Amino acid sequence: MSDDLFSRLFELFNQPGPINWKLAGELARHLAGEREPVDPFGAEEQRDLVRLAEYQVAQLSPFPVAPADEVMVVDPRQWVDLVLPGFAYLAEAVAESSASAVAIPGMGATLAGMQVGTLVGTVSRHAAASFEFGMPIEPPGPLLVIGGAVDRTAASTGSATRDVRLWIAAEEVAHRSLFSVPWLTERLGQLIGAYAGHLVPDGDKLMKMWDGDPERMSASLTDPSVIADLFGGHEADPHREALVAFLAITSGYRHHLVRGTIGHLISDLDSFGSENPRDEEASMGPSIPTANWRMTLTGARFCEEVERRYGRGALDGIWEGPERTPSLAELEDPVGWAARVLLDEQFLES
């Protein structure tokens, strides 16, 4: 039994190419779990509400809202299978940075597979759609909703399932609309790459994890907290802050847009995401940070204050280039952000 498992693990790690997609897929599917039934009536309502959300968001969004070619309600396992290739940009950033940081042949591909597979698999158990962790699927493809998240959110908030479905639809439509801005996904990849390049795998922990015991190795690979614990190093902290700030402003702007489009229809809109168990970053497991509801509300407060003080044009102007996005400190200081970004423009105009 151990010999068979060891052979299987050897095959799993010994994969060609810059990214170990076989390892990523195995990890993601294991964490997603077995297939679950999807309510066909709920799926039909979700599709209708996505079309309503596309219309509503288009009224306020400064970016084009392209109707999704297809809307699918899926279970976590199916979501993983459909979206994993769409995170190639993330895997490539991790692989390239890890390969330069760890001088072990093939380790960059392995670490990329571990990180991305663990991230996608863990998210699939908690998120309703890709907006909840703030990263786009490239290319966008069908608009995907994980059906079980609707019932969990409705039960925890006491809200009507239709309201929850409309919230999910509007957030995902706005998320896809925002990331149609050409430079945003490229910038996200750069920030992830810079952060991943400064994550230093702990050699002793790696050796303990891969100490020749295939059962132990197999168990470690499917524990997100073990994967996260492999990495450390304070050199990564400034790059982590830059990535967190980016996720906060993109998710916060998205939610601010949703408030403006369906806030009058759902009174407790801000409470929906707070029930997500991923709200604490530490519970995520993977060492790559993702957006959580606390970040989202921080970003949304910043957007609200910028629009109140300086107008909608100033807020939408954030997306003209990466130099205009706020730092982590500026998210709590909109006036400081305006002094850096808007004041020079006013002088130039005058």
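One table, with the values for the structure above:
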{"quantity": "Segment A88-D237, length gained on full extension (0.36 nm per residue, minus Cα span)", "calculated": "51.2 nm"}
{"quantity": "Order of H126, H30, H256 - criterion: other Cβ atoms within 10 Å of each residue's Cβ, fewest first", "calculated": "H30, H126, H256"}
{"quantity": "E36/L343 FRET efficiency (R0 56 Å; Cβ-Cβ; nearest 0.05)", "calculated": "0.60"}
{"quantity": "FRET efficiency, D48 to D268 (Cβ-Cβ, R0 25 Å, nearest 0.05)", "calculated": "0.70"}
{"quantity": "Approximate spin-label separation Y55-Q190, in nm, with each point projected 7 Å along Cα-to-Cβ", "calculated": "4.0"}
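None of the figures in this text is laboratory data; all of them are computed from the coordinates on show. Computed from a predicted structure; not experimentally measured. Neighbour counts run over all protein chains shown; Cβ positions are idealised from the backbone, glycine included.
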